[in-house]
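Before any comments, here is the structure.
What follows is calculated from the coordinates using simple rules that are stated; it is not laboratory data. Treat the numbers as computed from the prediction; the structure is a model and nothing was measured. Every residue, glycine among them, receives a Cβ derived from its backbone with ideal geometry; neighbour counts consider all protein chains shown.
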């Protein structure tokens with residue numbers, strides 16, 4: 001959810017726009033459209049997150065493990081021993097969340113959830129790749145071919161993912177996801193301070 005590298009990606013996209021930066025009117029007009037563009041994107045993202053929270057609240061609030069066992073047994077989607085047979089409050093993670101949605105809203109919800117998770121992963125990987133490309137070109141002053149940049153950044157991005165997929169069970173992915181979100185939130189100052197410093201320079 002929290003991706004500090006997107007700060008560099010957004011800045012690089014703005015920098016790539018072809019405007020006369022010595023003309024104050026052009027810069028002012030460009031900033032207006034940048035603001036509109038970012039506002040629309042963030043608003044759509046906000047709506048999607050509201051819908052996700054609303055659906056999850058409807059599916060999970062007040063449910064117990066026994067409730068979910070009964071519901072999933074009716075649909076035949078429940079893997080063995082996924083939820084214990086007790087009246088404790090239902091606890092879900094990324095894996096269980098998809099199963100629960102499928103049990104309550106039908107199999108289509110299960111596939112929609114899976115496609116959403118896949119799309120989120122692809123989006124995160126692509127933004128990380130582009131941000132890494134801009135950082136290499138700017139801070140490190142590297143001018144590699146597109147093939148070399150894609151090969152390096154994709155390899156760096158996919159290697160840990162492959163290792164996790166091979167050696168970890170699917171039930172442990174939520175803990176890793178939570179850890180990564182905490183880690184990236186701690187990295188926000190290290191992304192914000194340099195870019196604010198550089199963009200505040202007068203020359």
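Once the C-beta distance of residue 179 and residue 32 is scaled by a Förster radius of 30 Å, the resulting FRET efficiency is 0.15 to the nearest 0.05. Once C-alpha pairs closer than 8 Å and six or more residues apart are averaged by separation and normalised to the residue number of region 5-199, the relative contact order reads 24 percent.
Shown for 85, 10: other C-beta atoms within 10 Å of each C-beta, ranked fewest to most, produce the order 85, 10. The equivalent ellipsoid of region 37-113 has semi-axes of 28, 13, 9 Å, largest first, where each one is the square root of 5 times an eigenvalue of the Cα gyration tensor. With both labels modelled 7 Å from their Cα along Cα-to-Cβ, the residue 114 to residue 186 distance reads 3.5 nm. Modelled spin labels at residue 148 and residue 49, positioned 7 Å past Cα toward Cβ, are 3.9 nm from each other. A simple spin-label model places the labels of residue 18 and residue 198 2.4 nm from each other, with each point 7 Å out along Cα-to-Cβ.
Ellipsoid fit via the Cα gyration tensor, region 5-199: semi-axes of 41, 21, 14 Å, each the root of five times an eigenvalue, largest first. When each of 81, 74 is scored by the number of other beta-carbon atoms lying within 10 Å, the sequence from fewest to most is 81, 74.
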